[in-house]
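> Pasting a structure below so you can have a look.
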Amino acid sequence: MSADPRLGGIAVLGGGIAGLAAAHMLAARGGRVTLFEASERLGGLGTFFEHGGVSLERFYHCMLPSDAHLLALLRDLDLERDVYWKDTSFGLLRDGRLYGLNTPADLLRFAPLPWTDRLRVGITGAWGGVRPATGLDGITCEAWLSRLSGRRAFETFWRPMLEAKFGDRYRDVPALWFWRRFNREKGGGRERKGYLRGGYRRIVEALARSIEGAGGTIRLRAPVERIDLDGAGRPTIGLRGAPLETFDRVVVTAPVAALRPMAAGGRLEGVFARIDPIDMQGVVNAVLVLRRGLTPHYWVATTDAGVPFHGIVESTTLIDRADVGGAHLLYLTRYLHRTDADYALGDDEVLERWLAALTGLFPDLSRADVIDGFVFRAPFVEPLYTVGYAARKPPEEPVAGRVYLAGSAQVYPEVTSWNGSTALAGRVVRRLVDGARAVP
């Protein structure tokens with residue numbers, strides 16, 4: 001497509017899914033796009049590593065039938081036909097026992113709760129599926145779920161899963177976060193997930209080809225240290241040790257915490273100072289390549305005290321094993337803040353501790369069943385939400401017609417996912433394009 005002079009030159013900061021999707025959409029509309037990625041590869045949380053001649057993802061991924069924005073992007077990239085779907089299930093480990101929690105009958109068999117509490121938890125789920133979202137941003141998950149399910153059920157059933165995601169910050173999380181997440185996962189009744197044959201690497205590579213095929217430029221190992229406005233109000237971008245580059249517009253997908261340092265002392269300093277410095281939760285993932293499967297469930301929440309990880313994702317209950325070299329692929333995950341001492345533990349120590357805990361939970365699993373193990377970390381995964389977050393999240397256009405934001409702190413109330421990021425990127429791109437084309 002030929003360049004649209006009204007869009008001009010557009011810098012996109014960040015090569016995760018939001019940045020790639022935004023750059024793809026802008027290049028397709030005639031923008032002269034330059035994408036800057038600080039690391040040596042694209043994909044953000046969708047990056048991969050090589051093992052046994054196949055590509056494995058550092059962090060687990062799946063899609064849901066309700067992920068309309070991501071599926072539309074795959075359709076645009078001619079990839080949707082390679083998505084396959086499977087019924088999946090959820091389990092919860094409590095006091096060393098594994099419970100499936102996928103049907104009303106499963107819930108009625110959940111022994112850690114008395115009968116009356118099991119019924120109230122079931123009613124909570126049914127009500128959450130039909131209740132409108134109105135008012136839920138103004139009440140915490142703790143208050144709302146305790147009121148619906150009862151305090152005892154909250155402490156036994158809901159609280160461990162909230163703590164697994166947010167640690168001691170769970171007390172601040174608004175009920176709207178839970179409502180959206182629950183309805184994305186369970187709103188359609190039966191749990192069903194999808195995966196792209198060949199992995200999410202194909203999405204990243206297809207987006208890169210699309211951007212470059214439309215005349216865009218992708219620059220890797222290009223950490224942006226400076227963002228400012230020139231005398232004419234146009235954005236300028238400064239890389240480490242390089243002169244400033246001028247663009248007509250910029251789309252920033254980096255974490256909010258990075259904005260103020262990049263703008264310090266410049267014309268954007270005051271603009272970014274008015275944006276709430278929203279903190280983010282990080283994650284540590286141990287990826288285990290196994291000779292055998294572990295459970296029938298895609299996701300198992302581990303709620304017992306002393307277990308160093310909070311989730312077990314057996315991705316090969318969804319992913320065809322042929323896509324991962326015939327092995328069984330297991331992700332042990334723990335969400336925690338980047339300043340937590342456990343975030344900085346060495347890879348060998350993480351693997352040793354976590355494998356010891358895993359074999360303690362599953363005594364029939366031996367070390368001989370483990371082919372290999374890897375540890376990956378990401379410091380900025382999901383905002384630490386607070387009540388009233390909808391009013392606090394960063395604006396999408398902090399400088400009219402010039403500076404746009406499309407980071408994970410803005411996805412709310414949608415679930416932080418590739419679908420949510422794709423939806424946000426599309427919304428920001430439409431705002432940018434409509435604004436640019438409205439100017440004579």
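The values are calculated or read from the model by the stated rules, or taken from the named source; none is laboratory data. It should be emphasised that the depicted structure is a prediction, and the values quoted were computed from it without experimental measurement. With ideal geometry, Cβ positions are generated from the backbone for all residues, glycine too; neighbour counts draw on all protein chains shown.
> Among (1) over 19 Å from the mean Cα position of the chain (by Cα); (2) surrounded by fewer than 17 Cβ atoms within 10 Å (Cβ to Cβ); (3) outside the structural domain of V251 (by TED's automatic domain parsing), there is one condition E163 misses while meeting the rest; what is its number?
Only one criterion in (1) over 19 Å from the mean Cα position of the chain (by Cα); (2) surrounded by fewer than 17 Cβ atoms within 10 Å (Cβ to Cβ); (3) outside the structural domain of V251 (by TED's automatic domain parsing) is unmet by E163, namely (1).
> Go through the stretch 208-236 residue by residue and tally those that are part of a strand (DSSP E or B) and within 13 Å of G15 (Cα to Cα).
Of the residues in that region, 4 qualify.
> Moving on to the next point. Quick check on my filter: what residues within the stretch 49-106 are among the basic types (K, R) and either surrounded by fewer than 17 Cβ atoms within 10 Å (Cβ to Cβ) or over 19 Å from V313 (Cα atoms) (or both)?
Matches in the stretch 49-106: R75, R81, K86, R97.
> Within the stretch 171-179, is even one residue outside the structural domain of R267 (by TED's automatic domain parsing) and out of contact with any Leu (no Cβ under 8 Å at 6 or more places or on another chain)?
Yes, the stretch 171-179 contains a residue that is outside the structural domain of R267 (by TED's automatic domain parsing) and out of contact with any Leu (no Cβ under 8 Å at 6 or more places or on another chain).
> Another question about this same structure. Regarding the stretch 208-218, can at least one residue be identified that is touching a helix residue (DSSP H, G or I) at 6+ places or on another chain (Cβ under 9 Å) and of a type in the set (K, R)?
no
> Can I ask one more? Consider the stretch 250-278. How many of its residues are assigned to a loop (DSSP other than H, G, I, E, B) and either farther than 24 Å from I17 by Cβ or among the small types (G, A, S) (or both)?
7
> Sticking with this structure for a sec: Tell me which residues, restricted to the stretch 232-247, are among the hydrophobic types (A, V, I, L, M, F, W, C) and surrounded by 14 or more Cβ atoms within 10 Å (Cβ to Cβ).
I237, L239, F247
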